[in-house]
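Novice: One structure follows; several queries about it will come next.
The values are calculated or read from the model by the stated rules, or taken from the named source; none is laboratory data. Computed from a predicted model, the values in this text were never measured in an experiment. All Cβ positions, glycine included, derive from the backbone under ideal geometry; neighbour counts span all protein chains shown. Note: accessible area is taken over every heavy atom of the protein model, side chains too, but ligands, DNA and RNA are not part of it. Shrake-Rupley method; radii C 1.70, N 1.55, O 1.52, S 1.80 Å.
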Amino acid sequence: MALAGVAAGTINTVVGSGTLITFPTLLAFGVPPVTANVSNNIGLVPGSVTGAIGYRDELTGQRSRVVRLLSASVIGGAIGAVLLLVLPDGAFEAVVPVLIMLGVVLVIGQPRLSAWVRRRAEARGDEPSDGAWWVWPAVLLTGVYGGYFGAAQGVLLMGVLGIGIAQSLQRSNAVKNILAAAVNGVAGLIFVFVADVDWRVVALIGAGSVVGGLLGARIGKRLPPLALRATIVVVGLTAFVAILAG
């Protein structure tokens with residue numbers, strides 16, 4: 001479980017989708033599905049935090065943007081956590097693969113789509129660096145998904161941020177890590193009070209994810225834009241196939 005946490009923390013920091021490693025691992029050890037999902041969510045929070053710290057240089061000059069988008073992630077994460085607790089198992093099975101593929105398509109088409117968004121913003125007289133108007137609600141919806149399950153949350157966020165905000169992928173990745181940590185954190189806080197949490201699982205996943213978050217920051221920051229985009233696409237497609245197969 002701890003090794004799965006290391007792998008998940010690394011992947012979450014670079015791209016996202018670390019849940020696709022830890023969740024099946026917990027099921028293999030006999031942890032009930034809902035308990036595994038809840039405990040995994042809480043356990044991955046420390047790794048998200050260390051990954052965000054590893055990207056602190058790329059966050060320079062983005063304070064107001066991060067604060068604004070954090071509100072969307074917190075609200076979305078809370079809604080997603082509540083949905084997990086009240087909806088029947090498998091309610092999102094038809095939606096999750098579609099969302100993941102949407103994130104992959106957005107990342108693939110990001111250069112052209114972001115250029116089109118910037119041209120539209122400039123034509124309206126908006127400041128492109130502030131991001132398109134739809135980024136906030138899109139981040140909120142991504143937070144809902146992340147609070148509910150979370151696999152490939154990072155892929156979706158990178159698609160949204162890469163297209164809607166005029167900046168490098170590495171700077172968007174830094175913001176993505178902060179937002180993902182917020183979603184996992186608020187969902188985890190809700191789960192602590194109202195869900196069945198296996199704290200041994202949380203401790204093992206958490207310890208591993210801290211190491212993975214630090215490793216992921218070192219690896220991700222060294223990837224050139226094309227390699228980072230390719231990594232996101234590969235992980236997203238893997239998530240799509242894994243969820244369909246499951």
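Novice: Regarding Val241, is this residue surrounded by fewer than 23 Cβ atoms within 10 Å (Cβ to Cβ), β-branched (Val, Ile, Thr) and within 25 Å of Leu69 (Cβ to Cβ)? Walk me through how you get there before you give the answer.
Specialist: On the way: surrounded by fewer than 23 Cβ atoms within 10 Å (Cβ to Cβ): yes; β-branched (Val, Ile, Thr): yes; within 25 Å of Leu69 (Cβ to Cβ): no.
Considered against the rule, which asks whether it is surrounded by fewer than 23 Cβ atoms within 10 Å (Cβ to Cβ), β-branched (Val, Ile, Thr) and within 25 Å of Leu69 (Cβ to Cβ), Val241 comes out as no.
Novice: Being in contact with a helix residue (DSSP H, G or I) (Cβ under 7 Å, 6 or more places away or on another chain), within 19 Å of Ala132 (Cβ to Cβ) and either among the small types (Gly, Ala, Ser) or surrounded by fewer than 24 Cβ atoms within 10 Å (Cβ to Cβ) (or both) is the filter here; which residues of segment 152-167 pass it?
Specialist: Gly159, Gly162, Gly164, Ile165, Ala166
Novice: Now, a different point. Only one of these is closer than 30 Å to Phe193 by Cα, in a helix (DSSP H, G or I) and modelled with pLDDT of 75 or more: Gly143, Gly162. Name it. Even if it seems obvious, please write down each step before you answer.
Specialist: Values: Gly162 fails: closer than 30 Å to Phe193 by Cα.
Sole residue among the options that is closer than 30 Å to Phe193 by Cα, in a helix (DSSP H, G or I) and modelled with pLDDT of 75 or more: Gly143.
Novice: Let me ask something else about it. Checking the condition open to solvent by 60 Å² or more (accessible area, probe 1.4 Å), at pLDDT 75 or above and among the small types (Gly, Ala, Ser), which residue from Gly61, Gly43 passes? Full working, then the answer.
Specialist: Details: Gly43 fails: open to solvent by 60 Å² or more (accessible area, probe 1.4 Å).
Criteria check complete, one pass: Gly61.
Novice: Of the conditions (1) under 17 Å from the mean Cα position of the chain (by Cα); (2) aromatic (Phe, Trp, Tyr); (3) open to solvent by less than 10 Å² (accessible area, probe 1.4 Å), Phe149 fails just one. Which one is it?
Specialist: Failing condition for Phe149: (3).
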